[in-house]
1. If you go through segment 72-83 one residue at a time, how many are of a type outside the set (Val, Ile, Thr) and either buried (at least 19 other Cβ atoms within 10 Å of the Cβ) or free of Cβ contacts under 8 Å to residues at least 24 places away in the same chain (or both)?
2. Go through segment 137-155 and report how many residues are part of a strand (DSSP E or B), loosely packed, with under 10 Cβ neighbours inside 10 Å and of a type in the set (Val, Ile, Thr).
3. Quick one: how many residues across segment 45-77 are in a loop (DSSP other than H, G, I, E, B) and more than 20 Å from Gln98 (Cβ to Cβ)?
4. Condition first: outside any loop (DSSP other than H, G, I, E, B) and modelled with pLDDT under 95. Now tell me which residues in segment 26-44 satisfy that.
5. Show the residue pairs meeting these rules: Cβ distance below 6 Å; 6+ apart or different chains; first residue within segment 226-253 and without any contact (Cβ under 8 Å) to a residue 24 or more places away in the chain; second residue surrounded by fewer than 24 Cβ atoms within 10 Å (Cβ to Cβ).
6. Testing Phe190 on (1) at pLDDT 50 or above; (2) in a helix (DSSP H, G or I), one condition comes back false. Which one is that?
7. Among Ser118, Ser55, which is assigned by TED's automatic domain parsing to the domain that holds Met266, polar (S, T, N, Q) and more than 20 Å from Ile37 (Cβ to Cβ)?
8. Looking for something assigned to a strand (DSSP E or B) and at pLDDT 95 or above - is there at least one such residue anywhere in segment 280-301?
Amino acid sequence: MIKKILLVSVIFIASGVVFATNDPNPSKAKAFAVKTIIIDPGHGGIDPGARGLISTESQLALEISMKFGKAVQAAFPDVKIIYTRTSDILPGNLHNVQQALRYRAELANNSKADLYISIHCNAAGQRAGGWYAKRVIGHKPKVVYSGTGKRRKKKVINTPIYESYYVENKRKGTETYIWAADRSDDKEKFVQGEEYGENVVDTLNILDLNSPEARIRAQLYTKYFFRNSAYLAYLVEDMFKQSGRDSYGVKQRNNKGIWVLQATGMPSILVETGFITNKEEEEYLNSDSGQAEVVNNILDAFTKYKQEMETPKGASGSRPAPGTSKK
């Protein structure tokens, strides 16, 4: 009973605290250095992702990711950049999409990365650009017969008159995903090392994973991952909005969503840079100016996040609480 009370008490405290230190004791308010980041261009190779009129999600994600990595390296030469892929292949040069997803998470965890940023493009509607549909514009009489022989009867019914029309695929804008807070128990398994049979965050001083204290600490780190993921995602979307982009905000994904966000033992976000199925937005994402703007937006968000994490003031939990929604 005492263990249960202790567990509930610690989780309750953790839920109201923003963690940004390597030590789960926030009172120390130490800065947390962002030294290594994983940049993950979504999809790749046999998995093209969403298709637009002139490009694929895999292609655009790679182009934007490589440019983002170069921008980070130029701004922060001491930050180590690790890409999950640098060409149009599945990560690890694998031939199975699920294995490639697991490779992404293992690469991040084994690299002891401090941050995971996955770059994607969104899709909506029946077809890129638009599609044809039918609608009723009126009715016309039609004679039909029922029965046979002497029982045959004539009947007039109204039948619909259809018109074909073109539906433009207008959905556009950005959104950034994080792992759902109500599924933190799943992410906690990776923090505890249960999924891989090893401690994926051994630099965080988690020792005896079978002890109640270690499990409490793992839950504390899960809260820390969630809060910092949400904060970075909030910054990314805020930068997009400042550039005039439509933004659907920060959203949470659960078990039906993006597996790699669950499997990474670090703050993780997935950025949907725009709708490849919208003709104008696809052209924007393919243009040098559009890609430069997207890269600068994410870089500005990363810069602010890094500065916040690496100051004692940020580590004490002074940053604004981001708003998130579930999808």
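The values are calculated or read from the model by the stated rules, or taken from the named source; none is laboratory data. No experiment lies behind these values; they were computed from the predicted model shown. No Cβ is skipped: glycine too gets one built from the backbone with ideal geometry, and neighbour counts run over all protein chains shown.
1. Total meeting the criteria: 3.
2. The number of residues fulfilling the criteria is 1.
3. Looking only at that region, the number is 6.
4. Pro26, Ser27, Lys28
5. Lys241/Ser247
6. If we test Phe190 against (1) at pLDDT 50 or above; (2) in a helix (DSSP H, G or I), just (1) comes out false.
7. Ser55
8. Filtering segment 280-301 for residues assigned to a strand (DSSP E or B) gives none.
No, because not a single residue in segment 280-301 is assigned to a strand (DSSP E or B) and at pLDDT 95 or above.
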